[in-house]
Each structure stands twice: as C-alpha cells, then as structure tokens.
Amino acid sequence: MLAGSNLEKVINSGHFAVTGELGPPKSADLTQLKEHAEAMRDYVDAFNITDNQTAIVRTSSIGVAGVLIQMGLEPVVQMTVRDRNRIALQSDLLGAVALGVKNVLCLSGDHQKFGNEPGAKGVFDIDSMQLLKAFKDMRDEGKFIGGEKLEAPLQVYLGAVANPFADPFEYRVDRLEKKIAAGASFIQTQCIFDIERFKRWMELVRERGLHKKVAILGGVTPIKSLGAAKYMKNNVSGIIIPDELIERLQGAANKKEEGLKIAIETIQQLKEIEGVAGVHIMAIAWEEVVPEIVERAGLYPRPKL
C-alpha cells in the first residue's frame, strides 16, 4: 500500500492544518511558481494546484504537481469536470497517482465563458459530486464508473469545496452533507471575510455532526489593497466583504499591512471555532506573504509526521 498523504496525517493527528495555493502560469515556464513553492516549503502542509483557474489556459495542475513532487513537496491536485469527460477524468486520476499525487480536490470549475477561450465547449459529462463518488469507488471498491475492475489498488485523499456565503444559505449545509456522502474527507471553503456568517454556517454543520465526518479548512485570502477589496465585494459572486472591513482598509495608512492583519485575525478566530480543522491560504498574486501570515498566526513550525 502506498504511504498516505502528509495532509491526511496532519489532520488525523489533530493538528490545525495549513494548505497554500499556487496558480500555474499561462506558459510552460515554472520558474516563479517554483520560487513561491520553495519559499512556502516549511510553512504549509500541502500545496493546492489550481486547474485552469477562472477558465484561463494554464500549465496543467497534474504537470505542476509532478514538478512539486520532484522538489519533495506535497501537492493537492485540483480537477474540474468542465474540460474532461469521465474517461479523461479517471485516466488523469490514475496518471496523477502514478506520479505520486496523494491528494485530489474535486470541483466543477469556473464556466468557460469567463476565461480566455469563451468559445470552448464545456464538457460537464459528470458533476463534481459524481466525480467525488467515482474517485471514491476507484479507491475503495477498485472499480471504474462503468463497473470494470482496476488492475491495482489506488490510494488518494479526496477533498471538495464549500461556499458558506452563497445563497440560499440553508442549502449550503445540505450540499456539504452530499459531498461528504460522495467521498470528501476534507473541505476547503471560499475565502472568509464575513466571519459571523461563517460561524452561523459552522453551527449548522455541528448540528448535523458533519464536523466529525469531514475536516473543514477555512479559506483565507489576504487583501492587498482597497481596490482589490472593493473589486471582490462588487464583482466576485459568492464572496461577502462586510462594509466595516472596507472602512477599516480605507482608514489604514498602510493598506497591505492592514490586509495582513485582517487575514491573521481571521485565522486566529477560525482556530477558536469548534469543527474547523485548519486553514487554506489563498494569497492570490501575493504568495510571498504566506510564510509571514503562518508565523504571525502562531501556526509555525508545522508538524513533521
């Protein structure tokens, strides 16, 4: 049997997990991505590799994962159902595991009309729930979607995403429960700015005992500028940025430092919420601040298991 993932070990041992995010470039030159990965090496337990994020053509998440594995780092490969049918998805899972990938995050993917190839045909042969179930069956039952048996056992730690900030609010927990039933062992949430709404969502999660069935990692994004905060508030669906946070940034002499403080305070609050197993730090185009955030939030050094 293959050795389990480091992320899985950290979570199962009761440590507060930390994952980071790396967005592959719009080229095959991974120089900068590798620099960011190296800088974050000792500060996160695993690295999410996005899969053509915002439907923009980038180096493949599995290709980048292979490079990280060569560097001795642990990737979480994101896989979306937007671009591939069930044959390609199952094939890519086998290829990823063959490269040494131990964590996979199953997603729908941003609609192709938002990206740089809006004329692309969306595949959506199966949805993200069915993808989770398919990968779980490949791992636990040793069979493909069509029922044929795998020739060798498979080991992979499966995750999914949750957005506590989308409407209708009550349905968010129903959807989480379905993802757990489909095979999710860990959940990474949309970035949290409205901590009170997130706390209400976690109350509903605990009422159903779901926090005992899945590891929930709260999403945290440091805000680099007032303009970035306003843009997310007004243009990014599924994200809620309270007015008081905008006002706080507006009144700050050093916007970047205030953005970091907000991220660190958010992490410290998340650590106190029952059922939150860790954080997923998405420092979009600001990856170099992740080590500082992890240190200042009291999450360094990371456990060596």
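Total residues in the stretch 125-149 satisfying the condition of being part of a loop (DSSP other than H, G, I, E, B) and among the aromatic types (Phe, Trp, Tyr): the figure is 1. Take the residues in the stretch 62-79 that are β-branched (Val, Ile, Thr) and within 12 Å of the chain's Cα centre (by Cα); name whichever of them is farthest from residue 28 (Cα to Cα). Filtering the stretch 62-79 for residues that are β-branched (Val, Ile, Thr) and within 12 Å of the chain's Cα centre (by Cα), the one farthest from residue 28 (Cα to Cα) comes out as 76.
Only one of 224, 230 is surrounded by 14 or more Cβ atoms within 10 Å (Cβ to Cβ), farther than 20 Å from residue 47 by Cβ and either in contact (Cβ under 8 Å) with a residue 60 or more places away in the chain or of a type in the set (Gly, Ala, Ser) (or both). Can you tell me which?
Numbers: 230 fails: either in contact (Cβ under 8 Å) with a residue 60 or more places away in the chain or of a type in the set (Gly, Ala, Ser) (or both).
After applying the criteria, what remains is 224.
Yes or no: residue 169 under 16 Å from residue 94 (Cα atoms), in contact (Cβ under 8 Å) with a residue 24 or more places away in the chain, more than 20 Å from the chain's Cα centre (by Cα) and surrounded by fewer than 19 Cβ atoms within 10 Å (Cβ to Cβ)? Taking the combined requirement at face value, the residue does not satisfy it. Looking only at residues that are among the polar types (S, T, N, Q) and either in contact with a strand residue (DSSP E or B) (Cβ under 8 Å, 6 or more places away or on another chain) or touching a residue at least 60 places away in the same chain (Cβ under 8 Å) (or both) in the stretch 100-120, which one is surrounded by the most Cβ atoms within 10 Å (Cβ to Cβ)? Restricting to residues being among the polar types (S, T, N, Q) and either in contact with a strand residue (DSSP E or B) (Cβ under 8 Å, 6 or more places away or on another chain) or touching a residue at least 60 places away in the same chain (Cβ under 8 Å) (or both), the top hit is 103.
Number of residues in the stretch 197-222 that are outside any strand (DSSP E or B) and farther than 11 Å from residue 270 by Cα equals 17. Would you call residue 152 surrounded by 16 or more Cβ atoms within 10 Å (Cβ to Cβ) and either part of a loop (DSSP other than H, G, I, E, B) or in contact with a helix residue (DSSP H, G or I) (Cβ under 8 Å, 6 or more places away or on another chain) (or both)? Spelling it out, it is not the case that residue 152 is surrounded by 16 or more Cβ atoms within 10 Å (Cβ to Cβ) and either part of a loop (DSSP other than H, G, I, E, B) or in contact with a helix residue (DSSP H, G or I) (Cβ under 8 Å, 6 or more places away or on another chain) (or both).
Would you check if there is a residue in the stretch 146-161 being charged (D, E, K, R), out of contact with any Pro (no Cβ under 7 Å at 6 or more places or on another chain) and under 29 Å from residue 258 (Cα atoms)? Talk me through it step by step, then tell me what you get.
To start, the set of residues in the stretch 146-161 that are charged (D, E, K, R) comprises 148-149, 151.
Among the residues that remain, those that are also out of contact with any Pro (no Cβ under 7 Å at 6 or more places or on another chain) are: 148-149, 151.
Adding the requirement that they be under 29 Å from residue 258 (Cα atoms) leaves none.
Checked against the condition, which is being charged (D, E, K, R), out of contact with any Pro (no Cβ under 7 Å at 6 or more places or on another chain) and under 29 Å from residue 258 (Cα atoms), the stretch 146-161 yields no hits at all.
The single condition from (1) part of a strand (DSSP E or B); (2) out of contact with any Ser or Thr (no Cβ under 8 Å at 6 or more places or on another chain); (3) not basic (Lys, Arg) that residue 160 fails is (2).
Of everything in the stretch 243-281 that is touching a helix residue (DSSP H, G or I) at 6+ places or on another chain (Cβ under 8 Å) and part of a loop (DSSP other than H, G, I, E, B), the residue that is nearest to residue 7 (Cα to Cα) is 275. May I ask you to verify whether residue 122 is outside any helix (DSSP H, G or I), touching a Leu at 6+ places or on another chain (Cβ under 8 Å) and of a type in the set (Gly, Ala, Ser)? No.
Restricted to the stretch 26-68, and to residues there that are among the charged types (D, E, K, R) and within 30 Å of residue 119 (Cα to Cα), the residue that is surrounded by the most Cβ atoms within 10 Å (Cβ to Cβ) is 51.
Looking at 304, 213 in this structure, which one is within 22 Å of residue 10 (Cβ to Cβ) and at pLDDT below 95? That would be 304, the only listed residue that is within 22 Å of residue 10 (Cβ to Cβ) and at pLDDT below 95.
I need the full set of residues from the stretch 31-71 which are at positive phi, part of a loop (DSSP other than H, G, I, E, B) and hydrophobic (A, V, I, L, M, F, W, C), in order please.
Initially, the stretch 31-71 is screened for residues at positive phi, giving 52, 54-55.
If we keep only those that are part of a loop (DSSP other than H, G, I, E, B) as well, we get 52.
Passing the criteria: none in range.
Quickly run through the stretch 233-252 and pick out the residues that are touching a residue at least 60 places away in the same chain (Cβ under 8 Å) and surrounded by fewer than 14 Cβ atoms within 10 Å (Cβ to Cβ). Residues satisfying the conditions are 237, 238.
Go through the stretch 51-102 and give me each residue that's small (Gly, Ala, Ser) and either touching a helix residue (DSSP H, G or I) at 6+ places or on another chain (Cβ under 8 Å) or closer than 19 Å to residue 41 by Cα (or both).
Restricting attention to the stretch 51-102, the residues satisfying the condition of being small (Gly, Ala, Ser) are 55, 60-61, 63, 65-66, 72, 88, 91, 95-96, 98, 100.
Across the stretch 51-102, the qualifying residues are 55, 61, 63, 65, 66, 72, 95, 96, 100.
The values are calculated or read from the model by the stated rules, or taken from the named source; none is laboratory data. Since we're looking at a predicted model, the values are computed, not measured. Cβ coordinates were reconstructed from backbone atoms using ideal geometry, including for glycine residues, and neighbour counts include every protein chain displayed.
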